[in-house]
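To keep things clear, I will list the structure first and then write my remarks on it.
The values are calculated or read from the model by the stated rules, or taken from the named source; none is laboratory data. Bear in mind the structure is a predicted one, so any value in this text is a computation, not a measurement. Neighbour counts are summed over all protein chains in view; Cβ atoms, including those assigned to glycine, are modelled from backbone coordinates with ideal geometry.
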Amino acid sequence: MAGTKDLHNAKKEKKDEFYTQLEDIELELKHYRNDFKGKVIFCNCDDPYESNFFKYFAMNFNTFGLKKLIATCYATSPVANTQLSLFDILDMPEETEEDNRKPHKIEITEVLDYNEDGAVDLADVEFLLRSKKNTLTLLNGDGDFRSEECIELLKQADIVITNPPFSLFREYVAQLIEYDKKFIIIGNKNAITYKEIFSLIQEEKMWLGYRNINADMWFIVPKDYECEKVVNGLRVKHIMGCWFTNLDTTKRHEDLLLFKPYTPEEYPKYDNYDAINVDKVSDIPCDYDGVIGVPITFLDKYNPNQFEILGLSQKVGMGLESNKFYDDYKEVRQDGSFTGSSGKKTNGNPVMKGKPEKGNYYTNGTDFVYSLYGRIFIRKKR
Ligand SMILES: C[S@@+](CC[C@H](N)C(=O)[O-])C[C@H]1O[C@@H](n2cnc3c(N)ncnc32)[C@H](O)[C@@H]1O
């Protein structure tokens, strides 16, 4: 049986409770408004009582002309009825209050002016949830997006829109692809370098949304999570999040303007990849037709008609293979002392010849090299 310590560690490892702020949802989703008309939207990692995704679509149900809004909730969330509850101004009937702590689903097919105040708004959604029993129903299972009943709902959906658990991101995306669904979801920026996710990006089956990948994204966290600041009474934490989608965006048809000419001095080749290095996306040379290594943030500017993605710098080799390995090198600090690590550590990274101005480097006694952050390898198409 798992001890308290094991359970604590398991909880610590799976830090999935990051709640998206309404403002971030609005800023991204306003670009896809025309995609929502007549569609079934499914938020499948969203307790309707606390999810701003649900709130956003419920508020805009008529404006967007939605056909249906479905939200499913996973077991009991730690922030339920605490920080985020959308309906805390109302006394829920006891029966409903107890039910909204269990995994449940909410399906909405219309929002009318139930309270006859002349406007259709969130108050009407509250009324709907309170009075129309068949809007909220308990799930049989725990609301896992992989469960049979949630997959049945997924099959009905046209577009899945949410911030899913980061710890299950690969599986989550694989399921969307398997069921051939359109989606707009939030993920960790690091997910770009997951083999499965990068392959989908390379195959043009998903891409980044509108939000600038370098812009900070702050999520609301429960009380037992570390927070970096409190804003309007909400405990928030910064996460390197970004939007992923497979709905067309205008952004991915815009050309990146290139103006810098190529010179071998300014754009040296890697020691271990047959490609030149570019440190800033805006510095991609306009007249180089070979392979170029660029920071991962390039994806924010990626237009598949302008560039071809060839691979990613990874130990496993993804697309472009590393042609040199550093097993007989040792890692050295700036002061010349050995760190105790072998050069194997840098195999697959983009490696440059020479000693860096800052940070550790590697040597085999005669040659010196240092590694850079991950690179995506691209080639200009035109
Ligand atoms: C990153 S949070 C985001 C919550 C909400 N979608 C939002 O954006 O505010 C991910 C949510 O997925 C839930 N979750 C974790 N595992 C899940 C699973 N297997 N199926 C469905 N939801 C899950 C977590 O409890 C958590 O509330």
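Just a few scattered comments:
- Inter-residue pairs, beta-carbon under 8 Å, first basic (Lys, Arg) and in region 15-44, second within 10 Å of the ligand (Cβ to nearest atom), 6+ apart: 15/166; 15/167
- Only listed residue being more than 30 Å from residue 209 (Cβ to Cβ) and either outside the structural domain of residue 212 (by TED's automatic domain parsing) or surrounded by 16 or more Cβ atoms within 10 Å (Cβ to Cβ) (or both), chosen from 302, 362, 373, 288: 362
- Matching residues, region 207-222, being surrounded by fewer than 21 Cβ atoms within 10 Å (Cβ to Cβ) and within 23 Å of residue 319 (Cβ to Cβ): 213
- Flag for residue 157 being within 16 Å of the ligand (Cβ to nearest atom) and either at pLDDT 90 or above or surrounded by fewer than 17 Cβ atoms within 10 Å (Cβ to Cβ) (or both): yes
- Strands (runs of 3 or more DSSP E) contained in region 216-317 and holding at least 1 residues within 16 Å of the ligand (Cβ to nearest atom): 217-220, 229-231, 234-239, 241-245
- Filtering region 318-342 to residues that are under 15 Å from residue 364 (Cα atoms) and not in a strand (DSSP E or B) leaves 324, 325, 326, 327, 328, 329, 333, 336, 337.
- Evaluated against (1) at pLDDT 95 or above; (2) surrounded by 20 or more Cβ atoms within 10 Å (Cβ to Cβ), residue 241 falls short on exactly one condition, (1).
- Residue list for region 161-193, restricted to those being out of contact with any strand residue (DSSP E or B) (no Cβ under 8 Å at 6 or more places or on another chain) and within 8 Å of the ligand (Cβ to nearest atom): 165, 167, 168
- The test for being surrounded by fewer than 17 Cβ atoms within 10 Å (Cβ to Cβ) and either of a type outside the set (Gly, Ala, Ser) or closer than 23 Å to residue 36 by Cα (or both) does not hold for residue 189.
- Failed criterion for residue 313 (all others in (1) touching a Gly at 6+ places or on another chain (Cβ under 6 Å); (2) outside the structural domain of residue 382 (by TED's automatic domain parsing) hold): (2)
- Test: residue in region 125-145 that is on the phi < 0 side of the Ramachandran plot, surrounded by 14 or more Cβ atoms within 10 Å (Cβ to Cβ) and modelled with pLDDT of 95 or more: yes
- Meeting the requirement of 1 or more residues that are more than 26 Å from residue 147 (Cβ to Cβ) and polar (S, T, N, Q), the helices (runs of 4 or more DSSP H) wholly within region 11-77 are 33-36, 61-64.
- Sole residue being within 16 Å of the ligand (Cβ to nearest atom), over 17 Å from residue 129 (Cβ atoms) and at pLDDT 95 or above, chosen from 53, 42: 42
- Listed by position, the helices (runs of 4 or more DSSP H) inside region 122-197 whose residues that are not assigned by TED's automatic domain parsing to the domain that holds residue 212 number at least 3 form an empty set.
- In region 1-39, the residue that is modelled with the highest pLDDT out of those that are within 16 Å of the ligand (Cβ to nearest atom) and among the basic types (Lys, Arg) is 15.
- From the options 151, 177, residue that is surrounded by fewer than 20 Cβ atoms within 10 Å (Cβ to Cβ) and either in contact with a Leu (Cβ under 8 Å, 6 or more places away or on another chain) or at positive phi (or both): 177
- Residue 82 being within 14 Å of the ligand (Cβ to nearest atom), in the same structural domain as residue 18 (by TED's automatic domain parsing) and at pLDDT below 80: yes
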